[in-house]
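What follows is a single structure, written as structure tokens, with notes after it.
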Amino acid sequence: MSRIGKLPVTLPKGVEVKVSDKNVVNVKGPKGELHRNVDTAIAVKVEEGKVVLTRATEQKRHKALHGLYRALIANMVHGVTQGYKLEQELVGVGYRAAHKGQLLELTLGFSHNVAFELPKEIKLLTATEKGKNPMIILESTDKELIGLVASKIRSFRTPEPYKGKGIKFKDEQYHFTECIT
């Protein structure tokens, strides 16, 4: 649990990390700015272009938090430099996706269209090409937020096991096992 926490997070050029006295980590980079509250059992220091985390004790909980917060801060640094991108594919006859600003409108075979308002931190694109399945493309600096939004969109019509119809991630393979009774 603590092996990840011991590794320092290297800061690329253009990334600035500040730690407030209330253990709030601010990461600022070319793509944006992110904030995270860190547990008081974990001390965060910026030393010579690296972020180093130390834990208060050797308790199991503190070891787990040590690795967790190191991974979260590394994700924040990656997000403000390169960003995250998720692509989802709508598989099914008549399934469509359109957007107006931050409002995603989905036609998924229900008696009504599904409208979903995305947070302003996420950039939304929809693509429809002839002969291909419609795509939903999400881009953001926050890995946690983009994952939550993508899972919420997927929950509107999860892929069914027989034909694979539904909303799936691009290049996702569905493997099903047979039930032998």
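Helix 60-81 against the longest principal axis of the chain: what's the angle in degrees, Cα atoms only, rounded to the nearest 10? Long axis of 60-81 versus the principal axis of the chain: about 70 degrees.
For the stretch 67-181, a/c is not less than 1.5, where a ≥ b ≥ c are the root eigenvalues of the C-alpha gyration tensor, and a/b does not top b/c. That puts it in the oblate class.
In the chain, helical runs assigned H by DSSP with n ≥ 4 each contribute -39500 (n - 2.57); averaged across all residues and rounded to the nearest 500, the mean residue ellipticity at 222 nm is -7000 deg cm²/dmol. Looking at this model, which pairs from 130/168; 13/168; 22/45; 13/60; 28/168; 13/85 are more than 24 angstrom apart at the alpha-carbon? Beyond 24 Å: 13/168; 13/60; 28/168. The angle between the Cα long axis of helix 143-155 and the main principal axis of the chain comes to about 20°, on a 0 to 90 degree scale. Other residues lying with their Cβ under 15 Å from the Cβ of residue 40 contribute a combined charge of +3, Lys and Arg counting +1, Asp and Glu -1. The residues of the chain present an accessible area of 64 Å² per residue when probed at 1.4 Å with all protein chains retained.
Extension gain for the segment residue 115 to residue 58, taken as residue separation times 0.36 nm less the Cα-Cα distance, is 15.7 nm to one decimal.
Note on the chain: with charges restricted to the Cβ of Lys and Arg (+1) and Asp and Glu (-1), its dipole about the Cα centre is near 240 debye. Roughly speaking, to the nearest percent, how much of the stretch 1-138's 1.4 Å accessible area is carbon and sulfur? Of the solvent-accessible surface of the stretch 1-138, carbon and sulfur hold 52 percent.
Here the contact order of the chain, divided by its residue count and restricted to Cα pairs under 8 Å and six or more residues apart, works out to 19 percent.
The values are calculated or read from the model by the stated rules, or taken from the named source; none is laboratory data. Because the structure is a prediction, the values reported are computed rather than measured. So basically every Cβ, Gly included, is an ideal-geometry build from the backbone, and we count neighbours across all protein chains shown. Calculation scope for accessible area: heavy atoms of the full protein, side chains included, ligands and nucleic acids excluded. Shrake-Rupley method; radii C 1.70, N 1.55, O 1.52, S 1.80 Å.
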